[in-house]
1. Which numbered condition in (1) in contact with a strand residue (DSSP E or B) (Cβ under 9 Å, 6 or more places away or on another chain); (2) open to solvent by 50 Å² or more (accessible area, probe 1.4 Å); (3) of a type in the set (Val, Ile, Thr) is the only one that Val109 fails?
2. Just the residues that are open to solvent by 10 Å² or more (accessible area, probe 1.4 Å) and under 26 Å from the mean Cα position of the chain (by Cα), please, taken from segment 394-408.
3. Do we find that Leu86 is hydrophobic (A, V, I, L, M, F, W, C), open to solvent by 20 Å² or more (accessible area, probe 1.4 Å) and over 26 Å from Leu64 (Cβ atoms) in this structure?
4. Which residues, taken from segment 174-219, are in contact with a strand residue (DSSP E or B) (Cβ under 6 Å, 6 or more places away or on another chain) and of a type outside the set (S, T, N, Q)?
5. In segment 223-253, which residue that is within 25 Å of the chain's Cα centre (by Cα) and charged (D, E, K, R) is most open to solvent (accessible area, probe 1.4 Å)?
6. Considering only segment 148-193, how many residues are of a type in the set (Val, Ile, Thr), touching a Pro at 6+ places or on another chain (Cβ under 7 Å) and open to solvent by less than 10 Å² (accessible area, probe 1.4 Å)?
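The values are calculated or read from the model by the stated rules, or taken from the named source; none is laboratory data. Everything quoted here is computed from the prediction, not taken from an experiment. Cβ sites come from the backbone with ideal geometry, for glycine too, and all protein chains shown count toward neighbours. Side chains are part of the model used for accessible areas, which takes the heavy atoms of the whole protein and leaves out ligands, DNA and RNA. Shrake-Rupley method; radii C 1.70, N 1.55, O 1.52, S 1.80 Å.
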Amino acid sequence: MPNSLAYLVLALWPAVTFGLFRKLPVAPALLWSLVAAFLILPTVPTGFDFPLLPPLHKHSLPALTALVMALMMHGLRKSILPDTFLGKVLMLTFILSPVATVMTNGEPVRWGEVLHLPGLRMTDAIALTITQFLIFIPFVLARQYLVEASSQRLVLVVFMWAGLVYSLPALLEVRMSPQLNIWIYGYFQHEFAQTFRFGGWRPTVFLYHGIWLAFLGMMALISAAALFKFETSRKLYFAGATAWLGVMLVMYKSLGAMIFGAFLLPVVLLFGVRTQLKIAALLALLAIGYPVLKAADLFPSERLLAAASSIDPDRANSLRFRFMNEDVLLERSGEKAMFGWGSWGRNLIYNDVTGTVETITDGRWIIVMGKYGWIGFLAEFGLLVLPIFLLWREARARKSEDISPFIGPLTLLLAINAVELVPNATLTPLTWLLSGALMGYAETLRSQRLGQGNLRSEDLPLREGNSGKRAKWALKWRPVME
């Protein structure tokens, strides 16, 4: 169980957020308050659980505090709801669909004579709706305050530095095994048996699992590579950062993150923004299409298992176990296909005799499908990847130099995170930050195309590394938000 220090650090984080917003402009204050919280704060089960409300923990408390500080000190720059009709529908559905879930799950669930799960009540509807809103806060904030090209560059810088700084304690755990969370917060976050991979230790530091850390390392690597490509000065500095983060990604010993990094690195370095947006759109379609193909029994599971067996039989067995779990859970969710089973573990499969859970929910998609049904799944995943398609549409109407080049790497990171949500539940505030920032920029481009934006040249961001000259894409497309 977490020690007193874990709860103390969590309780003091609002003061840290307050200090950041007092000392820094809104964009860096927002980024560092959420990213630092993700890196430093203890994971669940550390949290404050108040009656009738969802727990305030590593993700929700920093987001809520950042929202309060941003509104108090800077106010709203635009409406809370997205500009597009589809965006409005997805956002409202994402937040409010738990009400329908509760209304269709009033009956209890029984497994044999040993397990009785209660039916859902209106108090659950309130708690689940608030939970959805808390999850969504980073998207709302990023869409408000991270829409300029300079903010997009700042996102890459923060991600790169997060990976560089985190590589130091991670390197310690590679040598000594994942111990930092035990030493400092008094508990281990997951199953220790999963920390040994490829003949060595897989670090975790203060994140939920080694997979989360490896994915963070991959995002830092791609961010450093993008900065190396686009910055006109300090090339050696960014090249060194890229090389170091690439070495560390291998040492994190997560095959999925290494594959993603090996795929995205040449795409970022060699291709232009248009091609990057096309690839991101294809990846987003893959993330949404996988559950659809699984539900229609069209996914080539046996072929993939045969291919995996020829490479590594152990990994093939792990993949087979994952597919079997998904099939069982998908059948279970089909009993409440539209709005799901809701909370309290009602979406899981239990043993009739012992009452123990017999399934493992690894992927985010199957978790959402089981809890909130197809409506909840389409709302969440649709909202995550919608900015990619909006930016792809806007890029087709412009020359490449007329849009921020940073959106290419950022859309690729968002798209690959959506793909990662198929095998794992690695949905973090960083994912929603990316989606919100890209949504805001897509709406900026759309308003300019439709003639609804205003320009004021003295407000345009300067591009660092270009001798103080304003980049053409920043001068042409950044709107003024009164």
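1. (2)
2. Matches in segment 394-408: Pro405 only.
3. Taking the combined requirement at face value, the residue satisfies it.
4. Val174, the sole residue that qualifies.
5. Looking at residues that are within 25 Å of the chain's Cα centre (by Cα) and charged (D, E, K, R), I get Lys229.
6. Count: 0.
Each row is one residue, and each column tells you yes or no for (1) out of contact with any Gly (no Cβ under 8 Å at 6 or more places or on another chain); (2) modelled with pLDDT of 95 or more; (3) farther than 16 Å from Gln132 by Cα; (4) hydroxyl-bearing (Ser, Thr, Tyr).
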{"residue": "Ala29", "(1), (2), (3), (4)": "yes, yes, yes, no"}
{"residue": "Phe38", "(1), (2), (3), (4)": "yes, yes, yes, no"}
{"residue": "Val44", "(1), (2), (3), (4)": "yes, no, yes, no"}
{"residue": "Leu52", "(1), (2), (3), (4)": "yes, no, no, no"}
{"residue": "Ala66", "(1), (2), (3), (4)": "yes, yes, yes, no"}
{"residue": "Met73", "(1), (2), (3), (4)": "yes, no, yes, no"}
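Condition check ((1) open to solvent by 10 Å² or more (accessible area, probe 1.4 Å); (2) touching a Ser or Thr at 6+ places or on another chain (Cβ under 6 Å)) across all residues:
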| site | (1), (2) |
| --- | --- |
| Tyr7 | yes, no |
| Ala11 | yes, no |
| Pro14 | yes, yes |
| Pro25 | yes, no |
| Trp32 | yes, no |
| Ala36 | yes, no |
| Ala63 | no, no |
| Ala66 | no, yes |
| Pro82 | no, no |
